[in-house]
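K.L.:
Input: one structure, supplied below.
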Amino acid sequence: MKKILQYLFEYKTLSQQQAKEVLLNISKGIYNESEVTAFVTVYLMRTITIEELRGFADALLELCVPVPLEDYRATDIVGTGGDGKNTFNISTLACFIVAGAGQKVVKHGNYGATSVSGASNVMEQLGYRFKSDAAQLEKEVAEANICFLHAPLFHPALKAVGAIRKNLAIRTFFNMLGPMVNPARPAYQLVGVYNLEMARIYNYLLQQTGKPFTIIHSLDGYDEISLTNDTKVITQEGESIMSPAQLGKRQVSAADIYGGNSVEEAAGLFLNIIKGKGTWAQNAVVLANAAMALHCTGAYVSYNDAYLAAVESLESGRALQALQKLKALQ
């Protein structure tokens, strides 16, 4: 690692293969914690290259526990995290609304590294037991339309750096990797990114997969449709800017989508919203993200049609039923 660090400190970048080898070695525990922390810190001081990100993703996917759910043509809604906004669990709630609308979802998530409550925190608090058993996960997708993949169970490298990420408590390149390494290889992806540079990188990488995708970035820095500002929307067909009025009928304030001060508070907000008791602003933000995910599948002629399907899922109670069914299958 000493040679690698010296090389990087000279403002050089790694090839795809070099990046892959480093992450494979991190997974094997070859480097000590100080070396890994120094390595991660490099990417806090400069932009990661496409080749480096590809190499890191290759390593994670090579080592990951496979989840053969391709036949379900599932979707994932995931943000890179690291936007520092501490919103409530918008993408996880959107996943249940999408599942309630009849679309299969394989949600990939982790504990919050830079926020109070990540997807794994809230799912655990709600009573979901993390698992890597493929048969059980398939049963959940088949019967509840959704399952949850707790990233460290599937990615040895993420488990190896969990303590480092928690101690740093700031955005690292592992935030960038999350949406790229869902072990179920979903057919559709809605990816939220925290800046336009990451949007450019993801656009390039996702174009290579040939799968339908949508990248979103709120222009005031959120890695999701926040409705606090206009949203950059990128698909395989092009780019556009959409306003809060177009996406969620009106603009909301940052205070409207605050996620609370504890995991317990976050879970309370989650249950309130999925039970149809959320505020107008909370509902609008969740529905906008769910609608964009549904629209990405190509099953709806327009975004507005997808939005109506999301509203129906939440208001009819089918989103809540998806959560209840998932918990009953434990």
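K.L.:
Consider the stretch 94-109. How many of its residues are farther than 18 Å from Asn182 by Cβ and either surrounded by 24 or more Cβ atoms within 10 Å (Cβ to Cβ) or of a type in the set (Lys, Arg) (or both)? Let's see the steps before the verdict.
P.N.:
Just the residues of the stretch 94-109 that are farther than 18 Å from Asn182 by Cβ, to begin with: 97, 100-102.
Narrowing further to those that are either surrounded by 24 or more Cβ atoms within 10 Å (Cβ to Cβ) or of a type in the set (Lys, Arg) (or both): 97, 100-101.
Counting residues in the stretch 94-109 that are farther than 18 Å from Asn182 by Cβ and either surrounded by 24 or more Cβ atoms within 10 Å (Cβ to Cβ) or of a type in the set (Lys, Arg) (or both) gives 3.
K.L.:
Further question on the same structure: List, please: which pairs have Cβ atoms under 7 Å, are six or more places apart or on different chains, and start with a residue in the stretch 171-193 that is of a type in the set (Lys, Arg) and end with one that is surrounded by fewer than 24 Cβ atoms within 10 Å (Cβ to Cβ) and not in a loop (DSSP other than H, G, I, E, B)?
P.N.:
Arg185/Glu70
K.L.:
Across the stretch 250-265, what is the number of residues that are surrounded by 14 or more Cβ atoms within 10 Å (Cβ to Cβ) and part of a loop (DSSP other than H, G, I, E, B)?
P.N.:
Qualifying residue count, the stretch 250-265: 4.
K.L.:
Condition first: touching a helix residue (DSSP H, G or I) at 6+ places or on another chain (Cβ under 7 Å), part of a strand (DSSP E or B) and surrounded by fewer than 23 Cβ atoms within 10 Å (Cβ to Cβ). Now tell me which residues in the stretch 216-241 satisfy that.
P.N.:
If the condition is that a residue be touching a helix residue (DSSP H, G or I) at 6+ places or on another chain (Cβ under 7 Å), part of a strand (DSSP E or B) and surrounded by fewer than 23 Cβ atoms within 10 Å (Cβ to Cβ), then Lys232, Ile234 are the ones that fit.
K.L.:
Working only within the stretch 239-276, note down all residues that are of a type in the set (A, V, I, L, M) and either touching a Cys at 6+ places or on another chain (Cβ under 8 Å) or closer than 25 Å to Asp305 by Cα (or both). Don't jump to the end; show me each part of the working.
P.N.:
Filtering the stretch 239-276 down to residues of a type in the set (A, V, I, L, M) leaves 241-242, 245, 247, 252, 254-255, 257, 263, 266-267, 269, 271, 273-274.
Across the stretch 239-276, the qualifying residues are Ile241, Met242, Ala245, Leu247, Val252, Ile257, Ile273, Ile274.
K.L.:
To continue, here is another question. Go through the stretch 206-215 and count every residue that is part of a loop (DSSP other than H, G, I, E, B) and surrounded by fewer than 16 Cβ atoms within 10 Å (Cβ to Cβ).
P.N.:
We begin by selecting, within the stretch 206-215, every residue part of a loop (DSSP other than H, G, I, E, B); these are 210-212.
Restricting the remaining residues to those that are surrounded by fewer than 16 Cβ atoms within 10 Å (Cβ to Cβ) gives 210-211.
Within the stretch 206-215, residues that are part of a loop (DSSP other than H, G, I, E, B) and surrounded by fewer than 16 Cβ atoms within 10 Å (Cβ to Cβ) number 2.
K.L.:
Being farther than 19 Å from Ala57 by Cβ and either hydroxyl-bearing (Ser, Thr, Tyr) or out of contact with any Cys (no Cβ under 9 Å at 6 or more places or on another chain) (or both) is the filter here, so list the residues in the stretch 133-163 that pass it. Give the derivation first.
P.N.:
As a first pass, look at the stretch 133-163 and keep what is farther than 19 Å from Ala57 by Cβ: 133-148, 163.
Hits for the stretch 133-163 are Asp133, Ala134, Ala135, Ala142, Glu143, Ala144, Asn145, Cys147, Ala163.
K.L.:
Select from the stretch 13-46 the residues that are charged (D, E, K, R), under 16 Å from Leu177 (Cα atoms) and in contact (Cβ under 8 Å) with a residue 40 or more places away in the chain and list them in ascending order.
P.N.:
Within the stretch 13-46, Lys20 is the sole residue that qualifies.
K.L.:
Would a scan of the stretch 53-73 turn up a residue that is under 27 Å from Val311 (Cβ atoms) and out of contact with any helix residue (DSSP H, G or I) (no Cβ under 6 Å at 6 or more places or on another chain)? Spell out how you get there, then give the answer.
P.N.:
If we filter the stretch 53-73 for residues that are under 27 Å from Val311 (Cβ atoms), which is where we start, we get 72-73.
If we keep only those that are out of contact with any helix residue (DSSP H, G or I) (no Cβ under 6 Å at 6 or more places or on another chain) too, we end up with 73.
Among the residues of the stretch 53-73, at least one is under 27 Å from Val311 (Cβ atoms) and out of contact with any helix residue (DSSP H, G or I) (no Cβ under 6 Å at 6 or more places or on another chain), which makes the answer yes.
K.L.:
Quick check on this structure: which one of Gly79, Gly112 is at pLDDT below 90, buried (at least 19 other Cβ atoms within 10 Å of the Cβ), in contact with a strand residue (DSSP E or B) (Cβ under 8 Å, 6 or more places away or on another chain) and under 29 Å from Ala293 (Cβ atoms)?
P.N.:
Numbers: Gly112 fails: in contact with a strand residue (DSSP E or B) (Cβ under 8 Å, 6 or more places away or on another chain).
One residue alone meets the criteria, Gly79.
K.L.:
Something else: Pairs needed: first member in the stretch 198-216, touching a residue at least 60 places away in the same chain (Cβ under 8 Å); second member anywhere, of a type in the set (D, E, K, R) and part of a helix (DSSP H, G or I); C-beta distance under 8 Å; at least 6 residues apart or different chains.
P.N.:
Leu205/Arg54
K.L.:
Please enumerate the residues belonging to the stretch 266-281 that are assigned to a helix (DSSP H, G or I) and surrounded by fewer than 18 Cβ atoms within 10 Å (Cβ to Cβ).
P.N.:
Passing the criteria: Gly268, Leu271, Asn272, Trp280.
K.L.:
With Gly260, Gly238, Gly248, Gly268 as the choices, which residue is among the small types (Gly, Ala, Ser) and within 20 Å of the chain's Cα centre (by Cα)?
P.N.:
Values: Gly238 fails: within 20 Å of the chain's Cα centre (by Cα); Gly248 fails: within 20 Å of the chain's Cα centre (by Cα); Gly268 fails: within 20 Å of the chain's Cα centre (by Cα).
Unique residue meeting the criteria: Gly260.
K.L.:
Further question on the same structure: Checking the condition among the charged types (D, E, K, R), surrounded by fewer than 23 Cβ atoms within 10 Å (Cβ to Cβ) and modelled with pLDDT under 90, which residue from Arg73, Arg46 passes?
P.N.:
Details: Arg73 fails: modelled with pLDDT under 90.
Result: Arg46 is the single residue among Arg73, Arg46 that is among the charged types (D, E, K, R), surrounded by fewer than 23 Cβ atoms within 10 Å (Cβ to Cβ) and modelled with pLDDT under 90.
K.L.:
Could you say whether any residue in the stretch 282-301 is hydroxyl-bearing (Ser, Thr, Tyr), farther than 14 Å from Leu93 by Cβ, over 19 Å from the mean Cα position of the chain (by Cα) and crowded, with 17+ Cβ neighbours inside 10 Å?
P.N.:
Of the stretch 282-301, the ones hydroxyl-bearing (Ser, Thr, Tyr) are 297, 300.
From what's left, farther than 14 Å from Leu93 by Cβ: 297, 300.
Those left that are additionally over 19 Å from the mean Cα position of the chain (by Cα): 300.
With crowded, with 17+ Cβ neighbours inside 10 Å added as a condition, the list becomes 300.
Within the stretch 282-301, one or more residues are hydroxyl-bearing (Ser, Thr, Tyr), farther than 14 Å from Leu93 by Cβ, over 19 Å from the mean Cα position of the chain (by Cα) and crowded, with 17+ Cβ neighbours inside 10 Å.
K.L.:
Go through the stretch 171-229 and count every residue that is at positive phi and among the small types (Gly, Ala, Ser). First the steps, then the outcome.
P.N.:
Step one: filter the stretch 171-229 for residues at positive phi, giving 185, 210, 221, 227.
Cutting the leftovers down to among the small types (Gly, Ala, Ser) gives us 210, 221.
Result for the stretch 171-229: 2.
One line per residue, one yes/no per condition, for (1) in contact (Cβ under 8 Å) with a residue 12 or more places away in the chain; (2) among the basic types (Lys, Arg); (3) farther than 16 Å from Pro183 by Cβ; (4) surrounded by 21 or more Cβ atoms within 10 Å (Cβ to Cβ):
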{"site": "Val116", "(1), (2), (3), (4)": "yes, no, yes, no"}
{"site": "Gln125", "(1), (2), (3), (4)": "yes, no, yes, no"}
{"site": "Arg129", "(1), (2), (3), (4)": "yes, yes, yes, no"}
{"site": "Glu138", "(1), (2), (3), (4)": "yes, no, no, no"}
{"site": "Glu143", "(1), (2), (3), (4)": "yes, no, yes, no"}
{"site": "Phe148", "(1), (2), (3), (4)": "yes, no, no, yes"}
{"site": "Phe154", "(1), (2), (3), (4)": "yes, no, no, yes"}
{"site": "Ala160", "(1), (2), (3), (4)": "yes, no, yes, no"}
{"site": "Ile164", "(1), (2), (3), (4)": "yes, no, yes, no"}
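The values are calculated or read from the model by the stated rules, or taken from the named source; none is laboratory data. As the structure is a prediction and not an experimental result, all values here were calculated from the model. Counting neighbours? That spans all protein chains shown, and the Cβs are built from the backbone with ideal geometry, glycine included.
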